[in-house]
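Note sheet for the following structure.
The values are calculated or read from the model by the stated rules, or taken from the named source; none is laboratory data. These numbers come from a predicted model, not from an experiment. Note: ideal-geometry Cβ built from the backbone for every residue, glycine included; neighbour counts use all protein chains shown.
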């Protein structure tokens with residue numbers, strides 16, 4: 001729990017974590033994108049629904065929460081350290097869209113891979129494993145190709 005942070009914003013109901021040991025609100029650290037693209041939100045919602053209802057129970061974690069942020073285009077997404085096992089992931093849809101165009105990748109695949117990559121960092125945090133970008137990439141790649149969990153923590 002980030003006890004040192006002072007809640008300066010009214011927390012919307014979607015940031016209620018009834019079972020979590022944290023009360024993190026992305027407004028504390030990030031500029032929130034109040035008007036993300038509605039078509040991309042639909043894609044994210046579909047992915048998060050699948051992740052929360054299939055992948056998260058298999059891993060043994062609580063549901064992920066997503067916040068849309070305004071950041072520079074070098075940041076696609078970030079797992080908010082300390083929020084596992086109810087991970088908060090902030091994503092920059094504009095940067096993901098730019099990357100998907102640049103690398104000719106379907107936007108849904110780009111968003112899903114990014115979320116799964118950040119989920120790997122949440123697992124690393126939760127399991128008290130050193131943060132490892134290659135491990136997170138392999139976790140995302142394996143899930144994307146095979147729809148199976150790559151258990152790097154075992």
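Summed over the range 84-104, the residues that are part of a loop (DSSP other than H, G, I, E, B), out of contact with any helix residue (DSSP H, G or I) (no Cβ under 7 Å at 6 or more places or on another chain) and surrounded by 14 or more Cβ atoms within 10 Å (Cβ to Cβ) give a count of 2. Just one of the numbered conditions (1) touching a helix residue (DSSP H, G or I) at 6+ places or on another chain (Cβ under 7 Å); (2) crowded, with 20+ Cβ neighbours inside 10 Å is not true of residue 118: (1). If only residues of the range 105-126 that are over 18 Å from residue 138 (Cβ atoms) and in a helix (DSSP H, G or I) are counted, the one that is nearest to the chain's Cα centre (by Cα) is 111.
Scanning the range 109-131 for residues that are in contact (Cβ under 8 Å) with a residue 12 or more places away in the chain and more than 18 Å from residue 148 (Cα to Cα) yields 125, 126, 127, 129.
The test for being more than 25 Å from residue 129 (Cα to Cα) and either assigned to a loop (DSSP other than H, G, I, E, B) or at pLDDT below 95 (or both) holds for residue 35.
Results for (1) at pLDDT 95 or above; (2) more than 21 Å from residue 26 (Cβ to Cβ); (3) surrounded by 17 or more Cβ atoms within 10 Å (Cβ to Cβ), shown as yes or no for each residue.
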| position | (1), (2), (3) |
| --- | --- |
| 43 | yes, no, yes |
| 57 | yes, yes, no |
| 73 | no, no, no |
| 137 | yes, yes, no |
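When we screen 78, 63 for residues that are free of Cβ contacts under 8 Å to residues at least 24 places away in the same chain, buried (at least 16 other Cβ atoms within 10 Å of the Cβ), closer than 24 Å to residue 22 by Cβ and touching a helix residue (DSSP H, G or I) at 6+ places or on another chain (Cβ under 8 Å), the only hit is 63.
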